[in-house]
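Enquirer: Here it is, the structure, as structure tokens.
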Amino acid sequence: MDFANFLIQLLNSVQYGLLLFMLAAGLTLIFGIMGVVNLAHGSFYMLGAYLAWSLAARTGSLALAIVLGTALSVLFGLALERLLFRHFYHRDHLDQVLLTFGLIYIFEEMRSILWGDDVHGVPVPALLGASIQLTDNLSYPVYRLFMSGVCVLLALGLYYLIAKTRLGMKIRAGAFNHAMTEALGINIKLIHAVVFALGVGLATIAGMIAAPISSVYPNMGSQVLIMCFVVVVIGGIGSVRGALIAALLVGLVDTFGKVLLPHVAGMLVYMLMAAVLLWKPEGLFKQ
């Protein structure tokens with residue numbers, strides 16, 4: 001592998017890892033703070049991809065589609081938390097698994113009714129349709145760099161929200177001790193609603209920005225869900241910092257594994273997870 005090919009694969013692995021982080025961050029926030037095992041998290045990624053395809057076709061602008069889709073997904077997350085998830089915070093994890101597993105089928109049926117079962121494509125915006133020439137024969141799409149930039153900005157924004165703001169302080173307090181936080185006069189139900197909507201929004205944005213480089217198709221959320229859980233387990237359940245580092249590790253192992261060891265590439269990520277758990281059963285970082 002020459003340097004140009006290595007650079008392309010490195011950029012691909014970072015872009016994939018950052019996209020996984022956006023998904024895993026929402027998943028680890030929901031579980032770490034609310035204690036809810038959400039198997040339907042991949043469906044929000046699928047929702048984002050279909051919203052990008054549908055809204056971009058109607059508005060003629062992917063950027064506008066992302067703004068509208070993000071607003072709709074946050075509202076959807078608030079409604080879903082209020083109507084369903086709020087009643088399962090203190091229930092057994094098995095009840096939560098059954099609820100979210102059932103939601104996967106409901107979301108798939110809703111997707112089929114609203115958008116059909118065909119495979120769709122979302123065109124890359126003309127402004128981001130160029131490529132950076134690396135060698136005479138190799139180039140790298142500007143849109144992939146744009147995706148990485150959006151993920152980095154959202155990661156920095158999430159860090160600032162959690163670590164530097166008053167709302168973040170309340171979120172961290174609620175994750176540490178629900179009862180004491182509520183006794184201090186903080187509306188823990190509102191905190192849970194905000195966290196759930198934030199998780200849904202991150203997953204939906206990931207689906208919307210990924211849509212132009214991948215097809216929009218049924219059951220696409222199921223494929224990323226397993227990888228999200230791998231990232232959360234490796235990074236440490238409840239740790240956003242761990243999710244970022246684990247996502248980048250998984251991106252590197254998966255991307256370079258497919259290039260260098262294609263026959264065993266499907267096993268490498270799970271071998272990484274097994275090795276980390278043997279070394280640190282709680283993951284790389286604790287909550």
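The values are calculated or read from the model by the stated rules, or taken from the named source; none is laboratory data. Note that the coordinates shown come from a computational prediction; the quantities given were computed from them, not determined experimentally. Virtual Cβ from ideal backbone geometry, glycine too; neighbours counted across all protein chains shown. Remember, those area values only see protein heavy atoms, side chains included, never the ligands or the DNA or RNA. Shrake-Rupley method; radii C 1.70, N 1.55, O 1.52, S 1.80 Å.
Enquirer: Which members of segment 224-241 meet the condition of being part of a helix (DSSP H, G or I) and of a type in the set (Gly, Ala, Ser)?
Expert: Kept after step one, since they are part of a helix (DSSP H, G or I), are these residues of segment 224-241: 224-235, 240-241.
Result: 235, single match.
Enquirer: Could you pull out the residue among 134, 156, 184 that is over 26 Å from residue 242 (Cβ atoms) and open to solvent by 70 Å² or more (accessible area, probe 1.4 Å)? I'd like the intermediate steps shown before the answer.
Expert: Working: 134 fails: open to solvent by 70 Å² or more (accessible area, probe 1.4 Å); 156 fails: over 26 Å from residue 242 (Cβ atoms).
Of the residues listed, the single one that is over 26 Å from residue 242 (Cβ atoms) and open to solvent by 70 Å² or more (accessible area, probe 1.4 Å) is 184.
Enquirer: Only residues in segment 165-182 that are on the phi < 0 side of the Ramachandran plot and modelled with pLDDT under 85 count as the first member; pair them with residues that are outside any helix (DSSP H, G or I) and surrounded by 14 or more Cβ atoms within 10 Å (Cβ to Cβ), Cβ under 8 angstrom, at least 6 apart or cross-chain, and list the lot.
Expert: Close Cβ pairs (under 8 Å, with a partner that is outside any helix (DSSP H, G or I) and surrounded by 14 or more Cβ atoms within 10 Å (Cβ to Cβ)) amount to 173/186; 174/186; 175/238; 175/287.
Enquirer: For segment 25-50, what are the residues that are under 24 Å from residue 149 (Cβ atoms) and at pLDDT below 90?
Expert: 25, 26, 27, 28, 29
Enquirer: Would you pick out the residues in segment 242-287 that are free of Cβ contacts under 8 Å to residues at least 12 places away in the same chain, of a type in the set (A, V, I, L, M, F, W, C) and not in a helix (DSSP H, G or I)?
Expert: 261, 264
Enquirer: State whether the residues of segment 16-30 include one that is more than 28 Å from residue 265 (Cα to Cα) and open to solvent by less than 20 Å² (accessible area, probe 1.4 Å).
Expert: Our first condition is that a residue be more than 28 Å from residue 265 (Cα to Cα); within segment 16-30, this holds for 29-30.
Applying the additional criterion that residues be open to solvent by less than 20 Å² (accessible area, probe 1.4 Å) yields 29-30.
Yes, that holds for at least one residue.
Enquirer: Output the residue which, of all residues in segment 194-221 that are under 18 Å from residue 78 (Cβ atoms) and open to solvent by less than 10 Å² (accessible area, probe 1.4 Å), is nearest to the chain's Cα centre (by Cα). Before you say what the answer is, go through the steps one by one.
Expert: Step one: list which residues in segment 194-221 are under 18 Å from residue 78 (Cβ atoms), which gives 194-205.
Adding the requirement that they be open to solvent by less than 10 Å² (accessible area, probe 1.4 Å) leaves 195-197, 199-201, 203-204.
Values: 195: 14, 196: 13, 197: 13, 199: 8, 200: 9, 201: 9, 203: 4, 204: 8 Å.
Going through the qualifying residues, I end up with 203.
Enquirer: How do the pairs read when you match residues in segment 39-53 that are at negative phi and basic (Lys, Arg) with residues anywhere that are surrounded by 24 or more Cβ atoms within 10 Å (Cβ to Cβ) and at pLDDT 95 or above, using Cβ under 9 Å and keeping only pairs 6 or more apart or on different chains?
Expert: Partner pairs satisfying both residue conditions: none exist.
Enquirer: Any idea which residue in segment 98-123 is surrounded by the most Cβ atoms within 10 Å (Cβ to Cβ), counting only those that are at negative phi and outside any helix (DSSP H, G or I)?
Expert: At the first step, the residues of segment 98-123 found to be at negative phi are 98-115, 117-123.
From the residues that got through so far, the ones that are outside any helix (DSSP H, G or I) too are 117-123.
On the way: 117: 10, 118: 8, 119: 10, 120: 16, 121: 13, 122: 24, 123: 12.
Of everything passing the filter in segment 98-123, 122 is surrounded by the most Cβ atoms within 10 Å (Cβ to Cβ).
Enquirer: Please state which of the following conditions residue 126 fails to meet, knowing it meets all the rest: (1) more than 25 Å from residue 177 (Cα to Cα); (2) touching a residue at least 24 places away in the same chain (Cβ under 8 Å).
Expert: (2) is the only condition that residue 126 fails.
Enquirer: If you don't mind, there's one more thing I want to ask. Need pairs with beta-carbon distance below 7 Å; first residue over 20 Å from residue 49 (Cα atoms) and within segment 5-27, second of a type in the set (Gly, Ala, Ser); sequence gap 6+ or separate chains.
Expert: Partner pairs satisfying both residue conditions: 13/251; 14/148; 14/251.
Enquirer: Could you list all residues from segment 235-248 that are crowded, with 21+ Cβ neighbours inside 10 Å and under 30 Å from residue 4 (Cβ atoms)?
Expert: Within segment 235-248, 244, 246, 247 qualify.
Enquirer: If we scan segment 83-93, do we find a residue that is within 20 Å of the chain's Cα centre (by Cα), of a type outside the set (Val, Ile, Thr) and assigned to a helix (DSSP H, G or I)?
Expert: yes
Enquirer: I need every pair where a residue in segment 79-106 that is over 21 Å from residue 198 (Cα atoms) has its Cβ under 9 Å from the Cβ of a residue that is in a helix (DSSP H, G or I) and open to solvent by less than 60 Å² (accessible area, probe 1.4 Å), sequence separation at least 6 or different chains.
Expert: Here the result reads 91/99; 95/88; 106/43, each pair linking segment 79-106 to a residue that is in a helix (DSSP H, G or I) and open to solvent by less than 60 Å² (accessible area, probe 1.4 Å).
Enquirer: Do you know which residues across segment 142-151 are open to solvent by less than 60 Å² (accessible area, probe 1.4 Å), touching a residue at least 12 places away in the same chain (Cβ under 8 Å) and over 15 Å from residue 201 (Cα atoms)?
Expert: Filtering segment 142-151 down to residues open to solvent by less than 60 Å² (accessible area, probe 1.4 Å) leaves 142-143, 147-151.
From what is left, the residues that are touching a residue at least 12 places away in the same chain (Cβ under 8 Å) are 142-143, 147-148, 150-151.
Within segment 142-151, 142, 143, 147, 148 qualify.
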